[in-house]
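The values are calculated or read from the model by the stated rules, or taken from the named source; none is laboratory data. Given the structure is predicted, the values throughout are model-derived calculations rather than measurements. With ideal geometry, Cβ positions are generated from the backbone for all residues, glycine too; neighbour counts draw on all protein chains shown.
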Amino acid sequence: MPDRGGGPTGPRIRVGRPSRRARTLLLTLGVLAVLGMAFVMFAGFWTDWLWYRSVRYSSVFTTTLWTKIGLFFVFGLLMAVAVGVNVWLAHRLRPPLSAMSMEQQSLDRYRMGIAPFKKWLLIGITALVGLIAGASAASQWRTWLMYVNGVPFHQKDPQFHMDVAFYAFDLPWYRFLLGFGFAATVLGLVAAALTHYLYGGLRITSPGARATAAATGHLSVLLGVFVALKAVAYWLDRYGLAVKSSDFKATDNWTGLRYVDANAYLPAKTILFCIAVICAILFFATLWRRTWQLPVIGFGLMVLSAILIGGLYPAIVQKFQVQPNEQAKEAPYIQKNIDATRKAYEIDDTPIEDYSGKGSSDTKKQRTDADTAASYRLNDPNVVSPTFQQLEQQRKYYQFPTTLDVDRYDGQDTVVGLRELNLGKLDKRNWINDHFVYTHGYGAVTAKGTSTSQGAPQFTESGLPTDGNLGSYDQRIYYGEKTTQYSIVGGPQKELDYEQEDGTQQTTSYKEKSGVNLDNPVNRAAYAVAFSEPQILYSGAIGEGSRILYNRTPKERVEAVAPWLTIDGDPYPTVVGGKIKWVVDAYTTSNGYPYASRTTLGDSTADSLNEGDSQRAVVAQQNQVNYIRNSVKATVDANTGEVKLYTWDSADPVLKTWKKAFPGTVEPKSAIPADLMEHLRYPQDMFKVQRELLSLYHVTKPTQFYNASDAWQVPNDPTKRDNSAVPPYYLSMKLPGQDAQQFSLTTTFTPSGRPNLRAFMAVDADATSKDYGKIRLLRVTEESAQGPEQVQNKLNSWDPVANWVRDMKGADSTVLYGNLLTVPLGKGFLYVEPMYAQGRSSEYPLMRKVAVSYGDRRGFADSLSEALNQAFDVDGATPPAEPEKPGGDTTNPPENSTVKEALADAEKAFEDGQKAMKEGDWSAYGEAQDKLQDALERAEKAQDAADKAAGTEKDGGKNAEKDSAKDAEKDGDKTTG
């Protein structure tokens, strides 16, 4: 080793390679880095496996994992072979380089540079493209499982007469294979061309032939494969027309063939298929002819044909055959689209019933019938959450959901909310409190939906611990909609169970087997890495029996154990069998139902309740589907986290396919407990999708559909100002022809672009009913029937309502409008709306008034019964349709006797004054004016006293009286003048 500096006896400085110690250190660090990365990857895999095993759905994990691994290796290897073999073959077919041109001499240094590494370079390139292709293929695990497990629909499309399963399960896989084939061919072609060029098989600037015979044959075969794949693409495109989306007249998501597709595109695709096959054969023929002349001509012909036959010809047909008589030409295809869409969304068995909407004039009968027409929900679950929070929160670290749920207990509609944790309200936040001490919520709180107690909900289950009509049940809530953090339970650290009124804290230790055991140090290390929380590894609060709970929301758990399902946006809790269980509705969907128009789930399910609320939004918000079934009902135990999947639609072929792919994960419908069945209901998101489709597809005649003359729309929520759709409402009610109330889900329609009521839609939502899922659609024949927005506007402008709202605002209170319920009643519609007031110093709203409307009749009172009495003129309580202004009409004076007497004196004094003025007796006129002024002042004082006693001010009356006085004085002044 060379020395620098110093003489023969001076110090030497050794330079050159690092010392053995440094090399050892670097090697150690490198090994540790690799091991660290490997453990991070292992931690993710291991914690997932532990979680699936803990919920007893390990088969879902293994099936998904092995499917992804298989696809990764198979298609990764195929891609690597496709590229590697073509590079190797191009290198093998390279020409001799004895007489190199200038072009080849310039490339010689590149050849020499890669020569020592060409083997490793080839391996590296093929490995890279293989990894990318394998990762892409692994993401298609759903497509593969549906392909290999697909079951027939036993329904054929009207164009090609293929089973729907071909489009739903087979065609997506064929398209993936075709895309993979194109990618492999193009990459192999590019790699082969570069290799041929590098080794002289292809020449760009050199004189003579541009390619050797070997290179010509090799590249021609690859081009032939590409064109052959294009022929397959043309053939599949024929079937793809049945599931192709396009904009057409009334709908932006038209799916299926139209006239131009069946009569221009379909034959064009067939012709192009034949041309592509011939062109591919010409490319393969270059192996013998050694010239590209014919294949290039064929390829040019194919491109020209694609432009003329595939583009220009359909445009000509559309312009000169379809447009002049479009309605007649498109009618058969519109009919196919209507039939397929109605069947795909289960609205094909929805007849339209004509319903007057005008209402009956027999007010006494309507008043009697109104009592039994529905269980009118006065506690709006979208408004009373703050009231639940204030009255039943008990401790500030508990919370209720923003929108409560509606269930049925003892045959009554009931508002339900769970008292879940809100760690953001803890006085002291630290790792122990957040994850060891405060681990669960406590208790279900319920209230009657139809009655209040002094404006507040009338609770049927309340307190901490709760007590009431639900009986004895396990009240701990370890799994809930708001429980998003992980907790570590069951170890040496005690948990807070609940706090008594005197401040005594009850503690507990988790005894269930839910979660993952942390006794194993490997598990602790894996979770420390997975959650980026090193304290999990060494904390003394974790010991024997400690278990970690995570993925704790009902939607997360069901999504994880059944990743092939789409989850409804509104899981709801119910108390059955001594336990709190979350009920989660789940859907099987498809995007491949021929001729059925598509819808975007996020758009179809959006309304005034879930916009901006990610907890209530459907999972696959932007997923477009054209087939949906509520095929699975799932439950999640709020204490143990146990997930159960139950078959609901056993005839659904998509569910059958997934049950074949994941056997044993979904239990039969017969396994649903009887007490749970009583609480199952028709899901909201399914109903919203169906109402969105029925706004257009209630029409069954092609002519009417084409003209869009009867298109409907979902009205805006009249109680909101953001122009969001009115949500559907769960309500026990009687529809025309029914003898008893039925738990239903309801909504309304208005004509497109108009506010009038056009239709009323309801579905039997009681899972125990023989008519469960039956949709009834009442079309309103009365053109002037008022829609929800019109009713709301008229109520708001009505003096009793307007004055009350003004008075509440004057008292610095906020007015909140409850759900505007629509109930069919006696050929008309009864609207019922609770109204709430919340004072500035109050933290929750109370129901103060109920407004009702039936045709031109209205009522507004402290209770529903009084409001109905007013509206239907019972006991003389009906206010006139156009309210009078007190003092404005002396023929109908107010009922207050003092006011009545004072106004009579005022009228007599005014007449005396007019008489005295005509006679010129100015002294008598002055006396009459004094009496007039005195009478008006007495009337005003008496009216103020009456208003004060009633709790409201009659400003209209005051103004009218003052106006009368001013008018009288002006008349006198003019006469005097």
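Numerical summary
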read-out: Residues that are among the polar types (S, T, N, Q), surrounded by 19 or more Cβ atoms within 10 Å (Cβ to Cβ) and under 22 Å from Ser54 (Cα atoms), drawn from region 527-547; value: Ser546
read-out: Residues of region 160-180 satisfying the condition of being of a type in the set (A, V, I, L, M) and under 25 Å from Lys336 (Cα atoms); value: Met162, Val164, Ala165, Ala168, Leu171
read-out: Selection from region 816-847 of residues that are over 29 Å from the mean Cα position of the chain (by Cα) and hydrophobic (A, V, I, L, M, F, W, C); value: Leu825, Phe829, Leu830, Ala837, Leu846, Met847
read-out: Residue selected from region 423-457 under the condition part of a strand (DSSP E or B) and either surrounded by fewer than 21 Cβ atoms within 10 Å (Cβ to Cβ) or of a type in the set (D, E, K, R) (or both), by the criterion farthest from the chain's Cα centre (by Cα); value: Ser453
read-out: Residue check, Tyr167 of a type in the set (Phe, Trp, Tyr), in contact (Cβ under 8 Å) with a residue 40 or more places away in the chain and surrounded by fewer than 20 Cβ atoms within 10 Å (Cβ to Cβ); value: no
read-out: Residue in region 579-636 that is modelled with the highest pLDDT, counting only those that are under 19 Å from Asp252 (Cβ atoms) and either assigned to a helix (DSSP H, G or I) or of a type in the set (Lys, Arg) (or both); value: Arg598
read-out: Filter pass, Thr439 being touching a residue at least 40 places away in the same chain (Cβ under 8 Å), in contact with a helix residue (DSSP H, G or I) (Cβ under 9 Å, 6 or more places away or on another chain) and within 28 Å of Gly641 (Cα to Cα); value: no
read-out: Check on Glu833, crowded, with 23+ Cβ neighbours inside 10 Å, of a type in the set (D, E, K, R) and at pLDDT 75 or above; value: yes
read-out: Tally, over region 660-675, of residues that are surrounded by fewer than 20 Cβ atoms within 10 Å (Cβ to Cβ) and in a helix (DSSP H, G or I); value: 6
read-out: Condition met for Leu565 (at pLDDT 90 or above, under 13 Å from Gly491 (Cα atoms) and among the aliphatic types (A, V, I, L, M)); value: no
read-out: Number of the exception - Thr483 against (1) out of contact with any Phe, Trp or Tyr (no Cβ under 9 Å at 6 or more places or on another chain); (2) modelled with pLDDT under 90; (3) under 30 Å from Val445 (Cα atoms); value: (2)
read-out: Qualifying residues in region 314-365 (those that are crowded, with 18+ Cβ neighbours inside 10 Å, assigned to a loop (DSSP other than H, G, I, E, B) and among the hydroxyl-bearing types (Ser, Thr, Tyr)) - the one modelled with the lowest pLDDT; value: Thr350
read-out: Listing of strands (runs of 3 or more DSSP E) fully contained in region 793-840 that carry 1 or more residues being small (Gly, Ala, Ser); value: 813-817, 828-839
read-out: Filtered residue count, region 251-260, keeping only those that are surrounded by 19 or more Cβ atoms within 10 Å (Cβ to Cβ) and either without any contact (Cβ under 8 Å) to a residue 60 or more places away in the chain or of a type in the set (A, V, I, L, M, F, W, C) (or both); value: 3
read-out: Test: residue in region 271-280 that is in a helix (DSSP H, G or I) and in contact (Cβ under 8 Å) with a residue 60 or more places away in the chain; value: no
read-out: Residues that are touching a Pro at 6+ places or on another chain (Cβ under 9 Å) and aliphatic (A, V, I, L, M), drawn from region 388-423; value: Leu391, Leu404, Val406, Val415, Val416, Leu418
read-out: Residues satisfying the stated conditions in region 468-479, i.e. in contact with a strand residue (DSSP E or B) (Cβ under 7 Å, 6 or more places away or on another chain) and either at pLDDT below 95 or not β-branched (Val, Ile, Thr) (or both); value: Gly468, Asn469, Leu470, Tyr473, Asp474, Gln475, Arg476, Tyr478, Tyr479
read-out: Total residues in region 474-492, condition surrounded by 18 or more Cβ atoms within 10 Å (Cβ to Cβ) and more than 27 Å from the chain's Cα centre (by Cα); value: 7
read-out: Neighbours by Cβ (under 8 Å, 6+ apart or cross-chain): first from region 73-98, over 16 Å from Lys119 (Cα atoms) and crowded, with 16+ Cβ neighbours inside 10 Å; second among the acidic types (Asp, Glu) and modelled with pLDDT of 90 or more; value: none
read-out: Any hit, region 519-526, residues being polar (S, T, N, Q), more than 30 Å from Trp658 (Cβ to Cβ) and buried (at least 23 other Cβ atoms within 10 Å of the Cβ); value: no
